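All remarks here apply to the structure that follows.
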Amino acid sequence: MNTNRAEAERLLAIGEKLLESRDLNGSRDFAILAQEAEPLLEGSDQILAIVDVLVAAEKPIHNSQLDWYAILQVDRTCQNLDLIRKQYRRLGLLLHPDKNPFSLADHAFKLVTDAWAVLSDPVQKALYDGEVAGLVETASFWTACPYCYFLFEYPADCEGCCLRCQNCERSFHGLSIPSLPPLVPGQEAYYCNWGCLPMGFVFGTLGSNGPGSVPENDPNAVSNGAASELGSLSARKQGRPQKGV
């Protein structure tokens, strides 16, 4: 037996096992290695098709709406029905359960079929595009200044950026707060605990000394040592919820 083919079959078998355990990234890596070792080996393109569809389905638009365009592997602004149809047919042939013996092929095939049902119908596509546009336009997140404890709401594309507090004017890392702190009964204030807020986070690659370093031109940045000291404190403080502009 050809050495390359034997190695490719071994790699593909590992990719299949990883797919069965839903390790999508690992499965993709081994399927690519198998394809590189033996381009004509049957099965690697089928595993890659499954993984690509499932990964796209795991990344909904702002955690609420499946991205049908990504599932069919076309750009979200695509208005070319022929291109969308071509992608649907290509993926359908690779994923059809009668031809694809690998785990999760039926689930991936259903996602592709559902995507085509929406994007091939002018009325459903127009409604879907409108919903997606609304999600993109209104998406936002809440964050807190770790110095003065004021809350702010910013557009979603600001998440993870270096922001400047509109109250104390100090720089801080815009980390998303999963849920707002409880309000103080009868007051426009909230309870917070220093140990729970994202205090003392530095700004990653903005520093010249590598990841995690403090930016040289930001006197307000808190070092890792200072962050540890602040994080060890426990206190309750009231602050008024504020909405960012």
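Can you tell me which residue is nearest to Leu104 (Cα to Cα) among those in region 15-48 that are in a loop (DSSP other than H, G, I, E, B) and among the charged types (D, E, K, R)?
Among those that are in a loop (DSSP other than H, G, I, E, B) and among the charged types (D, E, K, R), it is Arg22.
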Open item on the list: Out of the residues in region 6-17 meeting the condition of being within 28 Å of the chain's Cα centre (by Cα) and within 16 Å of Pro101 (Cβ to Cβ), tell me which one is surrounded by the most Cβ atoms within 10 Å (Cβ to Cβ).
Closed with: Gly15
Task: Options Asp82, Asp98, Asp114; residue that is more than 23 Å from the chain's Cα centre (by Cα), under 30 Å from Lys17 (Cα atoms), surrounded by fewer than 19 Cβ atoms within 10 Å (Cβ to Cβ) and acidic (Asp, Glu) - done: Asp98
Task: Single residue of Asp67, Asp52, Asp75 found to be acidic (Asp, Glu) and either over 29 Å from Ala34 (Cβ atoms) or loosely packed, with under 13 Cβ neighbours inside 10 Å (or both) - done: Asp75
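Can you tell me which residues in region 25-49 are under 17 Å from Ser103 (Cβ atoms) and either surrounded by fewer than 18 Cβ atoms within 10 Å (Cβ to Cβ) or charged (D, E, K, R) (or both)? First the steps, then the outcome.
Going through region 25-49, the residues under 17 Å from Ser103 (Cβ atoms) turn out to be 25-31, 34, 42-49.
Those that are under 17 Å from Ser103 (Cβ atoms) and either surrounded by fewer than 18 Cβ atoms within 10 Å (Cβ to Cβ) or charged (D, E, K, R) (or both): Asn25, Gly26, Arg28, Asp29, Glu42, Asp45.
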Open item on the list: Residue under question is Leu104, and the condition is that it be assigned by TED's automatic domain parsing to the domain that holds Leu11 and on the phi > 0 side of the Ramachandran plot; does it hold?
Closed with: yes
- [ ] Please verify whether region 78-98 includes one or more residues that are charged (D, E, K, R) and either in contact (Cβ under 8 Å) with a residue 40 or more places away in the chain or in contact with a His (Cβ under 9 Å, 6 or more places away or on another chain) (or both).
- [x] no
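The values are calculated or read from the model by the stated rules, or taken from the named source; none is laboratory data. Predicted model, so just to flag it, every value in this text is computed and none were measured. Every residue, glycine among them, receives a Cβ derived from its backbone with ideal geometry; neighbour counts consider all protein chains shown.
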